[in-house]
Amino acid sequence: MKLRNLMALLGVIGLVIVVWLNRGQFVGVWRILKTLRWYILAFVILIQLASYWVNGLYYRSILRIFGYEMSIRRLFEGALATNFVNYVLPSAGIAGAGYLSQVLAPDVPRGESVLTQLTRYALSGLAVLIMMPVGLLLVLFTSNSAHQIVRITLLSALAITVFAVFMVAVVQQESAVYRSVDRVVVVLKRAFPKIKPDAIRHFVDDFYLGWHRIISHKRHMLAPFEWSIIYIVIEMGTFYLTFLAFGKLINPGISIMAYLFANIASIFGGVFFSTGTFEVGMAGTLVVLGLPFPLAVSVTSVYRVLNLLIGLPPGFYFYRRYLPPKPSGLENAA
């Protein structure tokens, strides 16, 4: 089976699995939607689409550091496709990073494309650390029962910080990384003779070329970081609007903490599961912070289903659009 057809098939299978795993939510949410304020939900849809546009602006800002100028429309489409891949292929974001390199090829070397996505994850993690104290203070100032979440917040912040420092330390060991890659290539070459060691080496070279540009242009990283913060704020805003659609006006700190913990849960649980970890983290935080269980589950379900309905269909379309092209007749003849 050709690579394009195989990837298309995997995308369809992943989409079917996601829909099947969330079938209960889709049915339950459809009943709830009839009772909600539709004009607010319509606003949620528009803002959610805007968040993907902001992702495109992030990509453009960091690609400019690497010396590339890309169409914002292409980057917007890439953001949707990457989100689709990350959801249907649980891999803690690695699959999405790989697919972004397909979207940007051949204009951007794959090593720099993957670094672009990995840097987005890192800056989003930093944005989460910045927003954590904001949400926590809002909760503590208006509630006497939220002190139990302080320890969880501190542990989460510590885990993110340790993980980030570890990853930066690993990347900084450039010579050690090259030696490790060479060893892995030798092993893979024995199992898969068609693997091209030079292509893998070239990928690592491009990755470090982008890394050195980031290191030498630290001030220019402010723009991508600003877009990362704006993206997080937009996402938290859409979550808060879901409460308003239910006619509930809650402490903004509660929605902030629930969104942040849901993302932390999906980061560490996303290696194995793309469905469930986000929802459990969000609903669990809402309950811990004093919201009634039915409301917590209903809001989480509506927010997540809207998220899927807005992102997955166009994401799947652009995923198929940027699959590896079919070989031409001349290539086959050669």
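Rule-based calculations on the coordinates, nothing more; no lab input. All values reported here derive from a predicted model rather than from experimental measurement. No Cβ is skipped: glycine too gets one built from the backbone with ideal geometry, and neighbour counts run over all protein chains shown.
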(request) Enumerate the aspartates and glutamates that Lys189 could reach by cross-link, defined here as Cα to Cα under 18 Å, with residues fewer than 8 away along the same chain left out. (result) Asp198
(request) Any chance you could check the Cα centroid distance between segment 164-197 and segment 43-104 for me, in angstrom? (result) 26 Å
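When a footprinting reagent is the concern and you count Cβ atoms within 10 Å, what order do Met167, Met132 take, fewest first?
Met167, Met132
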(request) Could you pull out every one of the aspartates and glutamates with an alpha carbon less than 14 Å from that of Lys218, ignoring same-chain neighbours closer than 8 positions? (result) Glu226
